[in-house]
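Right, one structure below, let's go through it.
The values are calculated or read from the model by the stated rules, or taken from the named source; none is laboratory data. The structure displayed is predicted, hence computed values, not measured ones. Cβ coordinates were reconstructed from backbone atoms using ideal geometry, including for glycine residues, and neighbour counts include every protein chain displayed. Just so you know, the surface numbers come from the protein's heavy atoms only, side chains and all, with ligands and any DNA or RNA stripped out. Shrake-Rupley method; radii C 1.70, N 1.55, O 1.52, S 1.80 Å.
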Amino acid sequence: MTRRNPSPPSPSLSHFSPSSLKVSATNDSLSSSLSMANRHTIILMQTSQNRATRTFMDYDSISQAMDGICGLYERKLKDLNPANQNITYDIADLYNFIDGLADMSALVYEHSIQAYLPYDRQWIKQRTLQHLRRMAH
């Protein structure tokens with residue numbers, strides 16, 4: 001991962017909009033997961049209404065990007081709770097963080113068309129859930 005702007009301002013938390021996603025391990029989903037492994041991903045984010053808070057992070061894969069988003073949230077939690085050694089959170093907390101940003105989207109490189117495809121905040125939330133489920137198993 002190469003982070004171009006390593007210190008984005010801390011985002012604020014706001015409302016939570018729940019999302020459910022079912023993950024199944026069929027041959028199609030496994031091959032789809034493997035094809036996601038080497039797709040360069042750029043996360044675009046804006047932490048407040050101020051345009052100066054726009055930043056981006058780029059990663060070698062979708063999985064690394066989702067891990068980076070989780071890491072960003074975990075760093076925010078550590079900043080808010082410096083005395084707490086064990087910080088835990090659930091998917092609703094992570095969704096709150098993502099929804100609390102003024103904007104967040106992803107650009108994922110699609111080799112077949114040699115271009116980046118845009119994905120919205122909802123897609124990012126679904127992918128972070130899939131990523132965390134994979135890490136838990």
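What the table shows:
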item	result
Lone qualifier among Leu34, Leu44 - being within 23 Å of Asp120 (Cα to Cα), modelled with pLDDT of 95 or more and of a type outside the set (Phe, Trp, Tyr)	Leu44
Scope the range 100-125; condition open to solvent by 30 Å² or more (accessible area, probe 1.4 Å), touching a residue at least 40 places away in the same chain (Cβ under 8 Å) and in a loop (DSSP other than H, G, I, E, B); matching residues	Ala102, His111
Flag if Ser7 is at pLDDT below 95, under 16 Å from Gln130 (Cα atoms) and either open to solvent by less than 20 Å² (accessible area, probe 1.4 Å) or out of contact with any Gly (no Cβ under 7 Å at 6 or more places or on another chain) (or both)	no
Residue in the range 68-75 that is over 11 Å from the mean Cα position of the chain (by Cα) and not charged (D, E, K, R) present	no
Checklist (1) without any contact (Cβ under 8 Å) to a residue 12 or more places away in the chain; (2) in a loop (DSSP other than H, G, I, E, B) applied to Ala52, failing item	(2)
Residue selected from the range 83-99 under the condition of a type in the set (A, V, I, L, M) and assigned to a helix (DSSP H, G or I), by the criterion nearest to Thr41 (Cα to Cα)	Ile98
Matching residues, the range 58-77, being among the small types (Gly, Ala, Ser) and assigned to a helix (DSSP H, G or I)	Ser63, Ala65, Gly68, Gly71
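Yes/no per residue for (1) surrounded by fewer than 18 Cβ atoms within 10 Å (Cβ to Cβ); (2) closer than 27 Å to Arg51 by Cα:
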site	(1), (2)
Ala65	no, yes
Arg75	yes, yes
Asp79	yes, yes
Asn84	yes, no
Tyr89	yes, no
Tyr95	no, yes
Ile98	no, yes
